[in-house]
Amino acid sequence: MTNAPGVYQGAANAIAAVMLLLEFGMLRQALARDQVRLYAAQSALISVLAVVIAADRGLPDLYVLAATSAALKVLAVPLLLRRLLRAGGAGDEPAGVAGSYTLSVASAVLAAIGLAAFGFFAFGSLHLHGPAAPPLALAIAGAMVFVAFGLMIVRRDVASQAIGFCTLENAISLAALVVAAGLPLILETAFLFDLLVAVVVFGMLIRAHHARTESLSTADLTRLRG
Amino acid sequence: MSAALPVQVIQVLQVLTIAVCAPWVTGVIAKVEARLQGRRGPRIAQPYYDLAKASRKEALAPEGASWFFLAAPVIACAAYLTVPLLIPVLTSYGLPLGYMGDILGGGFLLSLASFAVATAALETGSPYAQLGSSRAKTFSAITEPVVLFVVFTVALLTGTDLPYALAATVRSSAGQVVRPAHLLASAALFMVILHETGRIPVETHAGTNEFGMIEEARAFEHSGPYFALLTWGSELKQFILYTILADVFLAPWGLAASRQLGSVALAIVALLAKAAAVGCVVAVIDNSFAKLRLFKITEFAAAAFLLAVLGVFTLYLGGG
């Protein structure tokens, strides 16, 4: 019988595992608005994890980080993304997102399991042991990075790529929380506002793409002419 | 002060509890389902009346079917009734016959039963029965990897593959309950159970549309007492799977730790309450999701596989 890692570590690991599952959920979800909803849930979980670590390690500035991150990533960014995606004006769901898989859903999930395995064991073999770091949560963050890249690759639409990029940031925040929970607050906040910049850039990209092709699908871009 | 029961009696009681109460669990689920749909629903004892009615009817076999057609329901029920000997139904300690087979042994018995029913369906020559058995075999091959990975998780967690050992591990501390490997494996097993009992993916549980049927269609050509045995068998299988989920994975509390009559009786009540709770959750899920198209079943299996694989991954790094 292997020893369980203790309630705090177990809870931290379980939260990280659920974040990875939500990443897979975004991979297989057909509609952009459901993807945004899952992204908000994932961001909420990372705030919860920050609170758990803050309570366990006695790091008061992590509470501030959790609140800022929640305000930004659970409320502001999803709202912004929803508004950008609605920019086309064609109802709630922009054209060209649903069914933009290059693989069937089951194959995409199996391929992503392979990617996750690679990320998992690659980060696991680093043997990083921070003071607040359950090594498993770091490995899960590694897996999330790879699955986020997978999400951007297997979906042929701009919306999924924007969401994949945002969840990439979530994965990196998770890794940062786990490895360096005591990072100065100002740095963490600066990273968070980087995300806003990225969302604005993606917003311009989405609008430009939509204006040219009247769809968010990138399938039209394969016929580039010189 | 109540009397201590001999272990043999408890062993028999385990099988009897499953055998007698399985139709009751089905009745509870049907009742909850009807309530959720705003109907009054059949009484909870209705499955017993159905079994009694079917067993009074005449038994017919299709022309050209061999003896196996009639033997299969008996073999299936015998296999189902052997499984409760191997899993913790009422007690937290192993009974004398409890260690004659591990989780794989239980799995083999369940597949033996399903094999017997599928072969009997082939004997009939009826297209619907054959369609059902061929689908059942194909889809159980798809969910098989999930079950294997759940077993791997159990093996990594406990160092054995005995259901009693896992239940004891889960009981031992809160850390064992919240560890991701345990939660992921339990969730994966729950999805497999939903699939195996015909609840979510494509089958309408009590439907009459032949094209949507998987397991239900296999009993098409049986009649009379043999049909009753097959129906009872699928109720047994459902209750056994719920027992494995509740008593081994999710909530191995409330089992009798001693041989006292009182604690064993309490364990029976606790088991029925747990099975009814699982049944309510299943009924809610069954009612709140649309059925999938037949070819989407791979997506469901892929999701369950993902959970099971992640469970093993997390353990492999030592943190899960």
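Quick rundown of the values:
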quantity	calculated
At least 15 Å along the helix axis (C-alpha) and Kyte average at least 1.0, DSSP helices within chain B	B:7-36, B:67-86, B:103-124, B:180-196, B:261-288, B:297-316
Gain in span if fully extended, A:ALA180 to A:ALA71, counting 0.36 nm per residue against the direct Cα distance	37.1 nm
Listed residue (B:GLN8, B:VAL170, A:VAL64) projecting farthest to the positive dipole end of the protein assembly as shown, Cβ model	A:VAL64
Efficiency of FRET between A:LEU79 and A:THR189 - r from beta-carbon atoms, R0 25 angstrom, step 0.05	0.80
Under 5 Å, built H, 5+ apart or other chain: amide partners of A:ASP157	A:THR218
Rel. contact order, % - alpha carbon contacts under 8 angstrom, at least six apart, region A:7-220	26
Pairwise centroid distance, computed over Cα atoms, of region A:43-61 with region B:126-168, Å	38
At least 15 Å along the helix axis (C-alpha) and Kyte average at least 1.0, DSSP helices within chain A	A:7-28, A:105-124, A:135-154, A:158-179, A:185-213
Shape box of region A:7-220 [Cα atoms, principal axes, largest first, Å]	51, 34, 22
Cα-centred dipole magnitude for chain B, charges only on beta-carbon of K, R (+1) and D, E (-1), debye, nearest 20	800
Fully extended contour minus Cα-Cα distance, from A:LEU103 to A:ALA198, at 0.36 nm per residue	31.5 nm
Residue-span extension gain [B:ALA290 to B:GLN8] - 0.36 nm each, minus C-alpha spacing	96.9 nm
Ranked list, fewest to most other Cβ atoms within 10 Å of each Cβ, for B:MET191, A:MET204, A:MET19	A:MET204, B:MET191, A:MET19
Whole-number percent relative contact order across chain B, with pairs defined as alpha carbons under 8 Å at least 6 apart	30
Placed amide H near B:THR91: partners under 5 Å, 5+ positions off or other chain	B:ALA256
With 10 Å bins from 0: P(r) over chain B, alpha-carbon pairs, percent	6, 26, 35, 25, 8, 1, 0
Ranked list, fewest to most other Cβ atoms within 10 Å of each Cβ, for B:TRP24, B:TRP253	B:TRP253, B:TRP24
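Every number in this text was worked out from the coordinates using simple rules, so none of it is lab data. Note that this is a predicted model, so its numbers are computed, not measured. Methodologically, a virtual Cβ is constructed for each residue, glycine included, from the backbone with ideal geometry; neighbour enumeration extends over all protein chains shown.
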